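The values are calculated or read from the model by the stated rules, or taken from the named source; none is laboratory data. All values derive from a computational prediction rather than experimental measurement. Ideal geometry is used to build each Cβ from the backbone, glycine not excepted, and the neighbour counts take in all protein chains shown. Surface accessibility is based on the protein's heavy atoms, side chains included, excluding ligands, DNA and RNA. Shrake-Rupley method; radii C 1.70, N 1.55, O 1.52, S 1.80 Å.
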Amino acid sequence: MNAMAFIVARVMLAALFVLAGINKLADIGGTAQYIESSSVLPGILAAPTGVFELISGVLLLIGKWPRIVAPIMCAFTVLTIVFFHTDFSQQIEITLALKNL
């Protein structure tokens, strides 16, 4: 039972990153615009962000280097909160920050 829960959790977490990466890469222009409008980061980070999410999600899914990939994904997730979900007076920002965590 415990092994099955571990596999399901890994697949679900990986799916979040893979789907987010695919969505970013499918609309690089929109992603770049969102990055620039929501933070101090340049829009040129849109493609690398999408690639990172896609590759890290796949690596986690297949179990390749999980002890390396997982902490990097964790740091990435915290940075998304720091740069994009900082207005905690807005319910949607709180929801998105908690979703990321």
Inspect all residues belonging to the range 85-99 and state whether any of them is loosely packed, with under 15 Cβ neighbours inside 10 Å and touching a Leu at 6+ places or on another chain (Cβ under 7 Å).
no
Quick test for you: out of Val51, Val18, Val8, Val58, pick the one residue that is assigned to a helix (DSSP H, G or I), free of Cβ contacts under 8 Å to residues at least 24 places away in the same chain and among the aliphatic types (A, V, I, L, M).
Val8
Residues that are modelled with pLDDT under 90, over 12 Å from Phe17 (Cα atoms), assigned to a helix (DSSP H, G or I) and within 12 Å of the chain's Cα centre (by Cα): does the range 88-96 have at least one?
yes
Being out of contact with any helix residue (DSSP H, G or I) (no Cβ under 6 Å at 6 or more places or on another chain), open to solvent by 70 Å² or more (accessible area, probe 1.4 Å) and part of a helix (DSSP H, G or I) is the filter here, so list the residues in the range 61-77 that pass it.
Ile62, Arg67, Ile68, Pro71, Ile72, Cys74
Of everything in the range 26-49 that's more than 18 Å from His85 (Cβ to Cβ) and among the hydrophobic types (A, V, I, L, M, F, W, C), which residue is least open to solvent (accessible area, probe 1.4 Å)?
Ala32
